[in-house]
Structures are given as C-alpha cells and as structure tokens.
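Structure, as structure tokens:
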Amino acid sequence: NAGVMQNPRHLVRRRGQEARLRCSPMKGHSHVYWYRQLPEEGLKFMVYLQKENIIDESGMPKERFSAEFPKEGPSILRIQQVVRGDSAAYFCASSPPGVHSYNEQFFGPGTRLTVL
Amino acid sequence: AQSVTQLGSHVSVSEGALVLLRCNYSSSVPPYLFWYVQYPNQGLQLLLKYTSAATLVKGINGFEAEFKKSETSFHLTKPSAHMSDAAEYFCAVSRSGANSKLTFGKGITLSVRP
C-alpha cells in the first residue's frame, strides 16, 4: 500500500505565476488535509477536504489560494499570482473514513515551493 | 480553540542519555494528542498518539509519552538517546469528530552528541 504521494517535490515559481500542488492520498482514504510549514514555524492547517467537498477552509488565505479534491484524481492546492511570502513546504495528509480512524493522519513528503 | 506549546526550539543530549521533550496543550474539549517526527526534507511520521485510553502511551523507536490532564501536558520521553533520533519533533492536538484537523506546536529540534 503506497503512502501519500505529493508532486512535485520541489517547485520554483517567479512572482506572479501560478503554483499547482498535487496530493494522492493513501488507497482507501477519503479525507485530505493540507498544511503549510513556514521557515522556523510548525505546520499550520490550511484546508480539509473530502471527495468533491470542502469541509473546512478556515486556514486558507482569503485570496489567491484554492483547493479541490475531485471524484477522480488527486487533490490539488492552487496558488495564483504567487508572492515571495508563499515560499514554504506544503504537506498533504490523508486519513481513512469512519470514526475508528482515531484521527490519525498520514503525511506525504511535502512540496517545497520557492518563489523567486 | 486548541493550542500547543513546545517550550524551547532546540534540545541537545548525549548518546545514551534520557530524552525529554515537553508539550503542553490547551483544549476546551477532551483532546487527542500526537507526537510526530520529521527528518530533514521528509514528511511527518507518527511516533505515538493518545486517544483517551491508557494515559501512558508507547510508540515506535522506544518513545513513550504520558498524558497528564491536571498538568495539561503530554511530554515525550525515551530512556536512551540514539544518534538516529536526531530530528525535529512536533506535538499536535486534535478533537474527536468528523473534522480532525491538527494544531501543531512549533517543533523542537533534537540533537544527539556522540
């Protein structure tokens, strides 16, 4: 059973470009979480999605950021018109459905975004 | 609202010495508590978790943590440090229910001296 997959692992963008980060959850997992890790800081929750639904986006910046988890395919975190402050490591985590999961989340290796 | 405090950003121990990494939490409801480890340029790996069963939780790689409600603490310990334990450690809290988003502390970097 493959783990959580994220690609690309490293992404370089110039200011004003768009960044698209992909996350494929573990097989059988239907919950996806995105977190951002800024330098010298812990991980901050961004958004929680289930298939075709955004459940909680309370951690998402109001502008330029969006996320989706379509019925087929990976979850996508999209950042439009990137700025230098968006440079960070972005982690995706997945968890299985049902209350017996005890909220355990399995993390991917992250995408490290650098904005020039 | 929930929060996690990990005092200090760096702990250094000698190989074979006790490892103690502190974590205090704040939660208005009974929490679920986690310790994750992150090696350089990698994702997070779960070390152990508390989910309201036994208060002393044993995890992987010889780590354990004790949930103390009266102290709102969930400190991570290991009796004897190994060089391979050098990494960054994150304490996190969540709540039971459909939305189990994690709130992380800032993390502690553990160095192990030979």
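Taken together, the values in this text are just the output of simple stated rules run on the coordinates, not laboratory data. Here the structure is a predicted model, which is why all the values come from computation and not from measurement. Cβ: placed from backbone, ideal geometry, glycine included. Neighbour counts: every protein chain shown.
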(Q) If amide hydrogens are placed 1.01 Å from N in the peptide plane, which non-local residues have theirs closer than 5 Å to the one on A:Val47? (A) A:Trp34
(Q) Suppose a student asked you for the relative contact order of chain B, using Cα pairs under 8 Å spaced at least 6 residues apart; what percent would you report? (A) 37
Q) In a shell of Cβ-Cβ distance under 15 Å around B:Ser94, excluding B:Ser94 itself, what net charge do Lys and Arg (+1) and Asp and Glu (-1) give? A) +2
Q) According to a simple spin-label model (label point 7 Å from Cα along Cα-to-Cβ), what is the distance in nm between B:Asn41 and B:Met83? A) 2.0
**Q.** Dipole moment magnitude, nearest 20 debye, the protein assembly as shown about Cα centre, only Lys, Arg, Asp, Glu C-beta charged
**A.** 460
**Q.** Contact order normalised by residue count of chain A, Cα under 8 Å, 6+ apart, percent
**A.** 36
Q. Just going by the charge dipole of chain B, with Lys and Arg at +1 and Asp and Glu at -1 on Cβ, which of B:Ser96, B:Phe74, B:Thr109 is farthest out on the positive end?
A. B:Ser96
Q.
Can you tell me, using C-alpha contacts under 8 Å and at least 6 residues apart, the relative contact order of the stretch B:69-114 as a whole percent?
A. 40
(Q) Give me the net charge for the shell around B:His82: Cβ to Cβ below 14 angstrom, other residues only, Lys and Arg +1, Asp and Glu -1. (A) 0
Q) Which residue, chosen from A:Asn53, B:Leu56, A:Ser66, occupies the Cα position most advanced towards the positive end of the dipole of the protein assembly as shown, where the dipole is computed from +1 (Lys, Arg) and -1 (Asp, Glu) charges on Cβ about the Cα centre? A) A:Ser66
Q. Hey, got the average number of other protein chain Cβ atoms within 10 angstrom for residues in A:43-52?
A. 3
Q. Of the cross-linked pairs A:Lys62/B:Lys49; A:Lys51/B:Lys58; A:Lys27/B:Lys106; A:Lys51/B:Lys101; A:Lys71/B:Lys106, which ones have a Cα-Cα span greater than 23 Å in the structure shown?
A. A:Lys62/B:Lys49; A:Lys51/B:Lys58; A:Lys27/B:Lys106; A:Lys71/B:Lys106
Q. In whole angstrom, and with the biggest value first, how far do the Cα coordinates of the protein assembly as shown range along each principal axis?
A. 49, 39, 34
Q. What FRET efficiency would be calculated for the residue pair B:Leu18, A:Leu38, taking the C-beta separation as r and a Förster radius of 35 Å, to the nearest 0.05?
A. 0.65
